[in-house]
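Asker: Please find one structure pasted underneath; my questions will follow.
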Amino acid sequence: MSLFWALYAFFFAVPFPMFLYYSICYSGGQRFVSSLSAPYWALVYLVVSVVLWSWLLARYFGQWFIAPAKELRQMNQLLRTGVIRDAEVVASRTAGKAGKNPQQLAVTLRFNNLSGVPIQETFPVVDMRPQLGRFDVGQRLRLRIDETLTKNPAIVIDGSAFQPDTIRRLLVFLGWMGLLGLVVAYYLLSYRYEHQGTGWRFLTFFHPLVVCPLTLLGLRWLMNGGLGRFFLNDKIAVQLKYTGHRATARLLEAKQTGTYINEQPQVRFELEYEDYRGTTHRTSCKKIVSLLGMDITRAETIPIFYLADQPQTVAFATDLDQTE
């Protein structure tokens with residue numbers, strides 16, 4: 001998610017509910033007794049609020065602090081145990097500021113996947129020795145691929161060096177502790193200035209202490225998995241790209257499903273293709289199609305990837321290999 005959309009989502013998850021709540025419930029400067037919750041409901045809301053915030057903070061801690069450490073261990077293990085593949089540099093461009101040392105590059109490599117099918121992948125690279133020209137177009141490199149495709153990432157450049165960024169980990173930890181402190185401070189301030197001698201009865205379902213974590217968790221689910229039925233699942237995409245076979249499918253029919261994402265229609269494609277054994281399969285897949293790319297619905301053939309042991313699982317080659 002881009003920084004703009006992250007800030008946009010944060011606004012509607014935190015400041016906006018707080019503004020609505022306090023402008024409505026305290027429009028006259030003091031809260032009406034009739035708007036207070038019953039004692040047992042107040043206890044329910046308090047427990048729900050604490051559980052939601054604890055769950056959210058635990059998810060953030062895992063994503064910001066634990067996941068990068070686990071990823072570092074997996075990459076170092078992959079350098080020792082991964083399947084070797086020879087690769088050719090087909091494109092290389094500067095990803096960071098020009099002239100910055102060490103140089104940051106986006107390197108596109110062409111190599112064979114685990115099924116021997118040529119594919120392309122773009123890797124972020126920090127080139128500590130740019131004078132060697134190791135990532136110039138036409139150079140040959142070796143890759144390490146996780147045969148089980150359970151590691152993240154599933155592929156690394158052989159000979160890479162991965163070291164923990166201690167300063168970044170410290171800043172992330174301090175940031176998480178700061179977030180925890182803000183949540184605790186909000187509980188204390190809310191109780192001090194809102195209880196008015198009624199305990200926690202000021203808590204309602206629409207109080208920011210309940211709504212904000214619920215909205216943030218909902219946004220996480222929506223962006224990380226809830227929209228997965230409209231887009232290609234990341235796990236399936238990795239399997240298709242690194243173990244799949246390539247074929248040219250005949251487009252039998254393309255029909256809109258009636259679902260729109262950002263005003264872009266979802267289209268169901270009915271496809272027919274022959275696998276590498278010569279067996280014909282008919283399958284369908286759904287895809288969000290840009291209004292500028294509707295020509296694909298009138299194409300006679302479409303290049304796809306499919307899984308040999310699950311021939312009904314397919315994806316468009318253009319979705320898996322954006323660099324082609």
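The values are calculated or read from the model by the stated rules, or taken from the named source; none is laboratory data. Keep in mind that this is a model prediction, so the values were computed, not measured. Neighbour counts run over all protein chains shown; Cβ positions are idealised from the backbone, glycine included. Protein only, heavy atoms only, side chains kept; ligands, DNA and RNA dropped before computing areas. Shrake-Rupley method; radii C 1.70, N 1.55, O 1.52, S 1.80 Å.
Asker: Keeping the other protein chains in place, figure out the carbon and sulfur percent of the accessible area of the range 229-324, with a 1.4 Å probe. List each step's numbers first, then the result.
Answerer: Details: 2560 of 5570 Å².
Taking all protein chains in place, the range 229-324 shows 46 percent carbon and sulfur surface.
Asker: With the full set of protein chains in place, find how many percent of the accessible area of the range 153-220 is carbon and sulfur; take the probe as 1.4 Å.
Answerer: Numbers: 2750 of 3830 Å².
Ligands and nucleic acids excluded, carbon and sulfur reach 72 percent.
Asker: Let me ask something else. As a test of reading the structure, rank TRP5, TRP64, TRP53, TRP221 by solvent-accessible area (1.4 Å probe, protein chains only), most first. If you can, show how the numbers build up before the last one.
Answerer: Details: TRP5 140, TRP64 90, TRP53 30, TRP221 160 Å².
Of TRP5, TRP64, TRP53, TRP221, the descending order of accessible area is TRP221, TRP5, TRP64, TRP53.
Asker: For the pair VAL90 and ASP275, what calculated FRET efficiency results from E = 1/(1 + (r/R0)^6), where r is the Cβ-Cβ distance and R0 = 45 Å, to the nearest 0.05? Each step should come with its number before you reach the end.
Answerer: On the way: r = 27 Å, r/R0 = 0.60.
So the FRET efficiency works out to roughly 0.95.
Asker: Quick one: what Rg and Dmax do you get for the range 183-324 from the alpha carbons, in Å?
Answerer: So, for the range 183-324, Rg and Dmax equal 23.5, 78 Å respectively.
Asker: Rounded to the nearest 10 degrees, what's the angle between the helix 166-194 long axis and the longest principal axis of the chain, both from Cα atoms, 0 to 90?
Answerer: 30 degrees
Asker: Could I have the simple spin-label model distance between PHE173 and ALA185, label points 7 Å from Cα toward Cβ, reported in nm to one decimal?
Answerer: Here the answer is 2.2 nm between the modelled labels.
Asker: Here's something else I'd like to know. What full-extension length gain, to one decimal in nm, is calculated for LEU79 and SER54 as 0.36 nm per residue of separation minus the Cα-Cα distance? Kindly include the intermediate steps, with their values, before the conclusion.
Answerer: On the way: separation 25, 0.36 × 25 = 9.00 nm, distance 3.61 nm.
Stretched out fully, the LEU79 to SER54 stretch lengthens by 5.4 nm.
Asker: Another question about this same structure. Mind checking the full-extension length gain between SER23 and ASN152? Use 0.36 nm per residue of separation minus the Cα-Cα distance, one decimal, nm.
Answerer: Between SER23 and ASN152, full extension yields 41.9 nm more.
Asker: Restricting things to Cα coordinates, could you compute the convex hull volume per residue of the range 108-186 in Å³? Could the numbers behind the result be given before it?
Answerer: Numbers: hull volume 12.1 nm³, N = 79.
Measuring per residue, one finds 153 Å³ for the Cα hull of the range 108-186.
Asker: Determine, at each q value in 0.15, 0.25 (inverse angstroms), the log₁₀ of I(q)/I(0) that the Debye formula gives when each Cα of the range 152-226 is one equal point scatterer.
Answerer: -0.80, -1.12
Asker: Candidates (1) 25.1, 85; (2) 19.1, 60; (3) 25.7, 78; which is the computed Rg and Dmax of the Cα atoms in Å?
Answerer: So the structure-derived entry is (3).
Asker: Could you compute the FRET efficiency for THR166 and ASP309, with r as their C-beta to C-beta distance and R0 at 41 Å, rounded to 0.05? The partial results should precede the final answer.
Answerer: Values: r = 43 Å, r/R0 = 1.06.
The value I calculate is 0.40.
Asker: Run the dipole for the chain about the Cα centre, Lys and Arg Cβ at +1, Asp and Glu Cβ at -1, nothing else charged, and hand back the magnitude in debye, nearest 20.
Answerer: Details: 33 positive and 24 negative charges, 163 e Å.
Value, rounded to 20: 780 debye.
Asker: Extension gain LEU252-ASN112, at 0.36 nm per residue separation less the Cα-Cα distance, in nm? Before the final figure, lay out the partial values.
Answerer: Details: separation 140, 0.36 × 140 = 50.40 nm, distance 2.97 nm.
Length gained between LEU252 and ASN112: 47.4 nm.
Asker: Between ASP146, ASP86, ASP295, where does the largest GNM mean-square fluctuation fall for the chain, given springs only between Cα atoms within less than 10 Å?
Answerer: Maximum fluctuation in the GNM of the chain, among the listed residues, is at ASP295.
Asker: Could you provide, to the nearest whole Å², the per residue accessible area of the chain with probe 1.4 Å? Kindly include the intermediate steps, with their values, before the conclusion.
Answerer: Numbers: 19580 Å² over 324 residues.
Averaged over the residues of the chain, the accessible area is 60 Å².
Asker: What number of lysine-lysine pairs in the chain show an alpha-carbon separation below 24 angstrom, given a sequence spacing of 8 or more or placement on distinct chains?
Answerer: Number of lysine pairs found: 11.
Asker: For the range 18-172, what ratio Rg/Rh do Cα atoms give with a Kirkwood hydrodynamic radius? It would help to have the intermediate numbers written out before the result.
Answerer: Numbers: Rg = 25.3 Å, Rh = 20.1 Å.
The Rg/Rh ratio comes out at 1.26.
Asker: Could you work out how far helix 15-25 tilts from the main Cα principal axis of the chain, as a 0 to 90 degree angle to the nearest 10?
Answerer: Its long axis makes an angle of about 20 degrees.
Asker: If you line up the long axis of helix 67-81 against the longest principal axis of the chain, both from Cα atoms, how many degrees apart are they, to the nearest 10?
Answerer: 20 degrees
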